[in-house]
Amino acid sequence: MNITGLSAVTLATHNMSDAVRFYCALGFDVISGAEDSSFTSFRAGSSYLNLISQPKDKKWDWWGRTIFYVSDVDDFYKNAIAQGIKTDTTPRNA
C-alpha cells in the first residue's frame, strides 16, 4: 500500500485569533470556524489545514513543521510582508 497524498494537517494553537489572522493573511481560505472558534479549517489547494485551540496552560515540548508548495516563493513572501507578517528569515534555496 502506497500513500498517495495527505488530506489535512491539524496544528494546535494557544491563540486562535492570531493564528486565523496569520493564515488568512497568507491567503488561506477559511471554510469553517473563525477567530473565536475552538476549531478552524482552511483550504490549502486540494488539502486542508486545521487549527485546534488549546488552553494557555497546556505546555508542549515539541515543535513541528509544515511545508506548503507555492508557485512563486518570492511573490508569496512579498505578499506576506505586505500583509504585516514578520519573519525571522527570508526565502532561500533549501
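At a glance:
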{"item": "Single unsatisfied condition, Ile31 versus (1) out of contact with any helix residue (DSSP H, G or I) (no Cβ under 9 Å at 6 or more places or on another chain); (2) closer than 20 Å to Ile85 by Cα; (3) modelled with pLDDT of 95 or more", "result": "(2)"}
{"item": "Matching residues, segment 52-86, being among the hydrophobic types (A, V, I, L, M, F, W, C), over 18 Å from Phe42 (Cβ atoms) and assigned to a helix (DSSP H, G or I)", "result": "Val73, Ile81, Ala82"}
{"item": "Those residues of segment 50-75 which are farther than 17 Å from Val20 by Cα and in contact with a helix residue (DSSP H, G or I) (Cβ under 6 Å, 6 or more places away or on another chain), in sequence order", "result": "Val70"}
{"item": "One residue from Ser38, Ser47 being surrounded by 10 or more Cβ atoms within 10 Å (Cβ to Cβ) and under 13 Å from Ala19 (Cβ atoms)", "result": "Ser38"}
{"item": "Among residues of segment 1-33, those that are under 10 Å from the mean Cα position of the chain (by Cα), hydroxyl-bearing (Ser, Thr, Tyr) and open to solvent by 80 Å² or more (accessible area, probe 1.4 Å), counted", "result": "0"}
{"item": "Near pairs, Cβ below 6 angstrom, 6+ apart or cross-chain, from segment 9-28 (under 22 Å from Asp61 (Cα atoms)) to any residue that is among the aliphatic types (A, V, I, L, M)", "result": "Val9/Leu49; Thr10/Ile52; Leu11/Leu51; Ala12/Ile52; Thr13/Ala19; Thr13/Leu51; Ala19/Leu51"}
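Matching residues to (1) of a type outside the set (A, V, I, L, M, F, W, C); (2) modelled with pLDDT under 90:
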| site | (1), (2) |
| --- | --- |
| Ala44 | no, yes |
| Leu49 | no, no |
| Ser53 | yes, no |
| Asp57 | yes, no |
| Ile67 | no, yes |
| Asp72 | yes, yes |
| Tyr77 | yes, no |
| Pro91 | yes, yes |
| Ala94 | no, yes |
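The values are calculated or read from the model by the stated rules, or taken from the named source; none is laboratory data. This one's a predicted model, so the numbers in the text were calculated from it and none came from an experiment. In this analysis, Cβ positions are derived from the backbone assuming ideal geometry, glycine residues included, and neighbour counts consider all displayed protein chains. The accessibility values were calculated without ligands, DNA or RNA, using every heavy atom of the protein model including side chains. Shrake-Rupley method; radii C 1.70, N 1.55, O 1.52, S 1.80 Å.
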